[in-house]
Amino acid sequence: MPYNIADPGRDLNDLIVREAKVFREKQGIDLRIGHRVEAIDPSRKLVKGRMLKGETFELPYDKLLIATGAAPVIPDLPGVDLPGVMALKSLEDARQMKGFIAEQRVKKAVIIGMGYIAFEMCEALRARGIEVAMVKPRPTFIPWMNDKLAAMVKEEVEANQVKLQLGQSIERIEKGGKGLRVVCAGTVLDCQMVLVAVGVKPCSELAEEAGLALGPDKAVSVDRTLLTSSEDIYAAGDCADAYHVVTGRKTWIPLALRANRAGWAVADNVTGTRAELEGVAGTGVFKVFGMEVARTGLTASEAEKAGFDPAEVMIESRTRAHAHPGSSAIGVQMVGDKKSGRLLGAQLVARDGAAHRVNAPAVALHAKMTVEEFAQSDLAYAPPFGPTWDPTLTAANQLLKKM
Ligand SMILES: Cc1cc2nc3c(=O)[nH]c(=O)nc-3n(C[C@H](O)[C@H](O)[C@H](O)COP(=O)(O)OP(=O)(O)OC[C@H]3O[C@@H](n4cnc5c(N)ncnc54)[C@H](O)[C@@H]3O)c2cc1C
């Protein structure tokens, strides 16, 4: 959606992967849009809800899948419901935002939050020629990221004329001037549009009210077959938790691949083929202007909290052979466990070659490799793609000295 919003000439319907009628006509699925489920009754095996015009409905089930996703967190701020204050979650949100930008000829926007949706949207809005200020109460730019890597990202964002306001507690949003004003403790930001992007929370209320067990961050608790605490009810996607392959414990990391994979696994389990999911490594990636930012596994402080004895290293290398055209800096941070020798996580920042490079350490985490084993991996080399020693191998070799 951010990439579509960046381009006024692109139709938002481009993003529809499959129309509702294809589910009905080709797959034979009784797909009902405009039906909001309001309650689950596990004892009678029923879901109840309401249609668009308020009519109620009831549907019986043999097996039920809860796949209600996540919802944006909307802070309890005065003025947060003013016109022009928006969040980006659904295609309808994107449609409204794109329409608003065009109709109101938005020139200035404020983004509350500095997560990946906030960064993608700051790039999209700058592409539309809109002045952007980003604001958040915490003083650290990307709190989970190694300071040096975070500084590379910050420099890139600022080089694209985005005003960063860190450590500003937001007091209210109000009408003012030619649009809106975001009033913070130490500054006032004028704009015509405010994007609230401070995170998401699982849509687990239906499950909670039906008495199902919840896990981390109040996501619906599921086992490796995606079964909830209630017989015949499964949950998958952003609304549900998962096992972390590094810690072995429950975690809540709402991302698309694991949501989609969990949906397929539930389908197998419901139709009689047992499927178990090992879990997630917390692999994630985003781009902001010319920078790719990637991570997998644990940071050193997450590792410590999980009971490991972490050692960490941060190295700088090159994205291509040193003399190859286009070669630029890449920063790699890597974390290992001194006790077991295991690789625990990696973060990468570079202009190119960071996004896909993270996949090697991600697979190593699934394989529960030690740093030493990872350092011995036979990774690809040719001058246009990296130095002889891939930067992740250089990081692993340096990390070994600290283990
Ligand atoms: C702007 C943006 C960018 C993103 N970029 C990435 C990315 O680059 N990489 C990545 O991995 N992930 C990304 N994500 C996250 C990704 O979109 C989600 O992880 C994924 O969509 C989750 O799928 P889901 O099916 O669990 O939930 P959703 O896609 O949220 O679907 C949930 C559905 O349930 C419906 N629903 C909810 N409550 C009810 C109810 N009571 N009754 C009936 N229906 C209900 C909703 O209307 C919705 O259709 C992004 C998300 C956003 C918003």
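The values are calculated or read from the model by the stated rules, or taken from the named source; none is laboratory data. Model, not experiment: these values are computed from the prediction. Note: ideal-geometry Cβ built from the backbone for every residue, glycine included; neighbour counts use all protein chains shown. The protein model used for the area step is the full one, side chains on, heavy atoms only, and it has no ligands, DNA or RNA in it. Shrake-Rupley method; radii C 1.70, N 1.55, O 1.52, S 1.80 Å.
Could you check the stretch 160-213 and list, in sequence order, the residues that are in a strand (DSSP E or B), within 16 Å of the ligand (Cβ to nearest atom) and open to solvent by 20 Å² or more (accessible area, probe 1.4 Å)? 200, 201 - these are the residues of the stretch 160-213 that are in a strand (DSSP E or B), within 16 Å of the ligand (Cβ to nearest atom) and open to solvent by 20 Å² or more (accessible area, probe 1.4 Å).
Taken together, 327, 340 contain a single residue that is part of a loop (DSSP other than H, G, I, E, B), more than 21 Å from the chain's Cα centre (by Cα), of a type in the set (Ser, Thr, Tyr) and under 17 Å from residue 248 (Cβ atoms), which is 340.
Residues in the stretch 48-92 that are charged (D, E, K, R) and touching a residue at least 40 places away in the same chain (Cβ under 8 Å) were compared, and the one that is farthest from residue 195 (Cα to Cα) is 62. Is the stretch 179-197 home to any residue that is within 26 Å of residue 305 (Cβ to Cβ) and modelled with pLDDT of 95 or more? The answer is yes, given that some residue of the stretch 179-197 is within 26 Å of residue 305 (Cβ to Cβ) and modelled with pLDDT of 95 or more.
Of all the listed residues (7, 62, 41, 11), the sole one being of a type in the set (Asp, Glu), over 30 Å from residue 174 (Cα atoms) and surrounded by 12 or more Cβ atoms within 10 Å (Cβ to Cβ) is 41.
Reported count of residues in the stretch 254-286, each being open to solvent by less than 60 Å² (accessible area, probe 1.4 Å), part of a helix (DSSP H, G or I) and either polar (S, T, N, Q) or away from the ligand (no atom under 16 Å from the Cβ) (or both), is 1.
Restricting attention to the stretch 312-324, the residues being under 26 Å from the mean Cα position of the chain (by Cα) and more than 21 Å from residue 154 (Cα to Cα) number 1.
Taking the conditions exactly as written (of a type in the set (D, E, K, R) and either within 11 Å of the ligand (Cβ to nearest atom) or touching a Phe, Trp or Tyr at 6+ places or on another chain (Cβ under 7 Å) (or both)), does residue 38 satisfy them or not? Yes, satisfied. Restricted to the stretch 25-35, and to residues there that are surrounded by 10 or more Cβ atoms within 10 Å (Cβ to Cβ) and within 16 Å of the ligand (Cβ to nearest atom), the residue that is nearest to residue 207 (Cα to Cα) is 35.
Within the stretch 343-385, the residues that satisfy the criterion of being assigned to a loop (DSSP other than H, G, I, E, B), closer than 18 Å to residue 244 by Cβ and touching a residue at least 60 places away in the same chain (Cβ under 8 Å) are 358, 368.
With respect to the conditions (1) modelled with pLDDT under 95; (2) more than 13 Å from the ligand (Cβ to nearest atom), residue 61 falls short on a single one, namely (1).
Consider the stretch 44-56 and keep the residues that are farther than 19 Å from residue 233 by Cβ and hydrophobic (A, V, I, L, M, F, W, C). The one that is least open to solvent (accessible area, probe 1.4 Å) is 51. Taken together, the residues in the stretch 214-253 that are of a type in the set (A, V, I, L, M, F, W, C), touching an Asp or Glu at 6+ places or on another chain (Cβ under 8 Å) and open to solvent by 40 Å² or more (accessible area, probe 1.4 Å) amount to 1.
Yes or no, residue by residue, for (1) among the small types (Gly, Ala, Ser); (2) free of Cβ contacts under 8 Å to residues at least 60 places away in the same chain; (3) within 30 Å of residue 370 (Cβ to Cβ):
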{"residue": "180", "(1), (2), (3)": "no, no, no"}
{"residue": "197", "(1), (2), (3)": "yes, no, no"}
{"residue": "204", "(1), (2), (3)": "yes, no, no"}
{"residue": "207", "(1), (2), (3)": "yes, no, no"}
{"residue": "223", "(1), (2), (3)": "no, yes, yes"}
{"residue": "240", "(1), (2), (3)": "yes, no, no"}
{"residue": "245", "(1), (2), (3)": "no, no, yes"}
{"residue": "251", "(1), (2), (3)": "no, yes, yes"}
{"residue": "275", "(1), (2), (3)": "yes, yes, yes"}
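Residues in the stretch 71-98 that are within 16 Å of the ligand (Cβ to nearest atom), more than 27 Å from residue 253 (Cβ to Cβ) and open to solvent by 50 Å² or more (accessible area, probe 1.4 Å): 95, 96.
When 293, 332 are screened for being in contact with a Pro (Cβ under 7 Å, 6 or more places away or on another chain), in contact (Cβ under 8 Å) with a residue 40 or more places away in the chain, within 30 Å of residue 248 (Cα to Cα) and not charged (D, E, K, R), only 332 passes.
Residue selection: residue 111 fails the criterion of being open to solvent by 30 Å² or more (accessible area, probe 1.4 Å), farther than 30 Å from residue 334 by Cβ, modelled with pLDDT of 95 or more and within 16 Å of the ligand (Cβ to nearest atom).
Residue-level check: of (1) among the charged types (D, E, K, R); (2) within 16 Å of the ligand (Cβ to nearest atom); (3) surrounded by 16 or more Cβ atoms within 10 Å (Cβ to Cβ), residue 136 misses just (2).
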